[in-house]
Structures are given as C-alpha cells and as structure tokens.
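Written below as structure tokens is the structure these notes are about.
The values are calculated or read from the model by the stated rules, or taken from the named source; none is laboratory data. On a predicted model such as this, the values are computed, not experimentally measured, just so you know. Using ideal geometry, Cβ is built from the backbone for each residue, glycine included, and neighbour counts are taken over all protein chains shown.
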Amino acid sequence: MSKDAMDNTETDIGPSEAVIDGAAASQVTGSTDGNERYDAPIRDVLTRLGYLSQDQVAKVQAHAAERGLDFDQAALELGFITTDDLDRAREQLINSLALQNIARRPVSDELVVLSDPGSVRAESIRMLRTSVIAQHIKNGRRGLAVVATADGHGCSWVAANLAVALSQVGFKILLVDANMRSPRQDQIFGLDPNAPGLSSFLSLQVARPERVVNANVLPGLALITAGPPTSRPQELLSGNRFRDGVNTLLREYDLVIFDTPAANTSADALNVGAGAAYALVVGRANHSFYKDINTLTEQLAAARCAVVGAVLNEF
C-alpha cells in the first residue's frame, strides 16, 4: 500500500487528494458500590508523593462518601491537592499500571515507520506528521479522530502509523481504539484483545479512563485498546461518560488519536469525532467516492467536528 503526496491546499476534500488544514491496567469487575477498589491506586500514589497526609486521606474519604465523588475529585474539592499534583500522580499511576502488562506479542509489520522506514509509505506518513505538527498540534489542538467512509480504506493503518511517527519526534501521544465493533489496534501493537480497554471504562467496569491506558507501548506512545467485546458500542460512545473521559485524556497528552469504525456502518465515528472535535478523513484509491466523502464531511460538521484534512491510500 502506498499513499500519494500531500499538499497544503484548503479542504475541498476529494478522493484524489491528501490534504491537511493549515502498559495494561488491572481489571476491576463488579458494581461501583465498592469505591475503595477504584480509589486505592490514586490514593496511594498521592500519599506516596507526599501530597496527602494520613489525616487528610481520612477527611477526603469521608468527603468523597458524603458527596458521591471519586477520591481524587474529593481531594481537589477540599483543596488538599492541586490539578498539577493530580496530573503528576496520574502519570505515575499510569506508568505503574503499565508494569502489569506481562504478555506482549511483537508489533506488526503494518507499522511501516518501524518495519520499513525507508519506504514510500513511511515517508508519506512522515509528511503527514509534519503537517499535523505544524497545523494541528502547534495550534493547541489535542484531539484527532481518524475516520473512513467504509471498511478496508486503511483507517486503522493510518491512525497507528501516524501515532508512532509523532511519538518518534518527542510528542506524548495516546492512541485510542474507539472501534469496538472490529478493533485492530491490539493486533497491530501485540496486546491482549480481552484486557481492560475502552469498553471497560465506558461500561463502568473501570472507574477512570487512565486506568485502561497501556503506557509506553513504544517510547512516548500510550494506547487504549477497544477492550472486551460489547453489544452496545454506539450507546456507550454517545454518552456523557465518553465525553468526560475524552476531556480527561486530552489534558494528559500532546495529541490523542482515535481510530474509528467505518462511517457507513454506524454513527460511532460521528460520536467519536464530536468528542475529539477534529477529524482526518481516510480514503482509498479507486474505492472511495467523492460523494461519500463529502457526505461524511457534512455529517461530521453537523456533529461539531471540524474536518482538517484527508489522506488517500493506494493499494
């Protein structure tokens, strides 16, 4: 597969263009009435870092129970910690959870920026990376949904390779597999498809989104897999829990890239795009139609997601 050259024209997106504008967490099961299971990791990290005394821990626990808050939110509300304190604690928590990732297969050769860095395909990804850095990340944009009109157009391939390429130049990147219908990122990165992932967080099996982050899958790159299969992906992705989780993650990384299912099979990509706020459309030569891409662009705009560009794959 190859990608055609990119230019920097404005986004009148057509099928012959490629443009751009301008470590596993431990699984928690059961109901949420046992908040102690969820709060213990972040509580312990905050205590270990010296941000909370034992007396303050007791007060936070009481306040959390009274107000129905998570431990970290209760500590913030009481003024015992700052948001910077919480960010540092979460980063340490993510790294410690990553150490639990025991079984790991090699990454796939589909990651051409690693397996074939001198190829035309890898160079095309690096060109896309340059545009994303210059016209997306530097403008303060932290979310990017990678979307396609139909299956087989290379959406997962572009998302994975772009994420790796950005991490290679020092950016802190999170890749989220939001395709809970036919996920592929676990295969590409050699992770357990049944380990806790996005579906675990959205279905309340895990309290906070950072608990399902696989940190340092590659240097500078973290990954949230789709997680165990679920029968209601559209319902989960359209809820406030997804939006709130996305907002939390966007604060933690330079860029969060979302892989999505084909837009012609469900509304999942539109829900994810709305959460990310920006989208990159992927097309396939001799398979993508201008009308379909134009319709998808209009649907994303209606969902308040700006299409910042398009990439054309040639197979």
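Filter segment 166-196 for residues that are out of contact with any Asp or Glu (no Cβ under 7 Å at 6 or more places or on another chain), in a loop (DSSP other than H, G, I, E, B) and of a type in the set (Gly, Ala, Ser); which is nearest to Ile133 (Cα to Cα)?
The residue in question is Gly170.
Do the conditions hold for Thr130, that is, is it in the same structural domain as Val281 (by TED's automatic domain parsing), buried (at least 18 other Cβ atoms within 10 Å of the Cβ) and among the hydroxyl-bearing types (Ser, Thr, Tyr)?
Values: in the same structural domain as Val281 (by TED's automatic domain parsing): yes; buried (at least 18 other Cβ atoms within 10 Å of the Cβ): no; among the hydroxyl-bearing types (Ser, Thr, Tyr): yes.
No; evaluated as a whole, the condition is false for this residue.
Determine which member of the set Ala310, Ala301 is farther than 26 Å from Thr225 by Cβ, among the small types (Gly, Ala, Ser), in a helix (DSSP H, G or I) and in the same structural domain as Asn247 (by TED's automatic domain parsing). Spell out how you get there, then give the answer.
On the way: Ala310 fails: in a helix (DSSP H, G or I).
Result: Ala301 is the single residue among Ala310, Ala301 that is farther than 26 Å from Thr225 by Cβ, among the small types (Gly, Ala, Ser), in a helix (DSSP H, G or I) and in the same structural domain as Asn247 (by TED's automatic domain parsing).
Which one of these is in the same structural domain as Leu174 (by TED's automatic domain parsing), surrounded by 24 or more Cβ atoms within 10 Å (Cβ to Cβ), in contact with a Phe, Trp or Tyr (Cβ under 7 Å, 6 or more places away or on another chain) and not small (Gly, Ala, Ser): Val281, Val272?
Values: Val281 fails: in contact with a Phe, Trp or Tyr (Cβ under 7 Å, 6 or more places away or on another chain).
The conditions single out Val272.
Taking only pairs six or more apart or across chains, which ones have beta-carbon atoms under 7 Å, a first residue in segment 100-112 that is under 11 Å from Gln187 (Cβ atoms) and among the aromatic types (Phe, Trp, Tyr), and a second residue that is in a loop (DSSP other than H, G, I, E, B) and at pLDDT 55 or above?
none
Can you confirm whether Glu235 is farther than 17 Å from Asp259 by Cα and in contact with a Leu (Cβ under 7 Å, 6 or more places away or on another chain)? Before you say what the answer is, go through the steps one by one.
On the way: farther than 17 Å from Asp259 by Cα: yes; in contact with a Leu (Cβ under 7 Å, 6 or more places away or on another chain): no.
Judged against the criteria, Glu235 is not a match.
Restricting to segment 109-119, name every residue that is within 20 Å of Asp192 (Cβ to Cβ) and either surrounded by 17 or more Cβ atoms within 10 Å (Cβ to Cβ) or not assigned by TED's automatic domain parsing to the domain that holds Asn194 (or both). Walk me through how you get there before you give the answer.
Applying the first criterion (within 20 Å of Asp192 (Cβ to Cβ)) to segment 109-119 yields 109-111.
Across segment 109-119, the qualifying residues are Glu110, Leu111.
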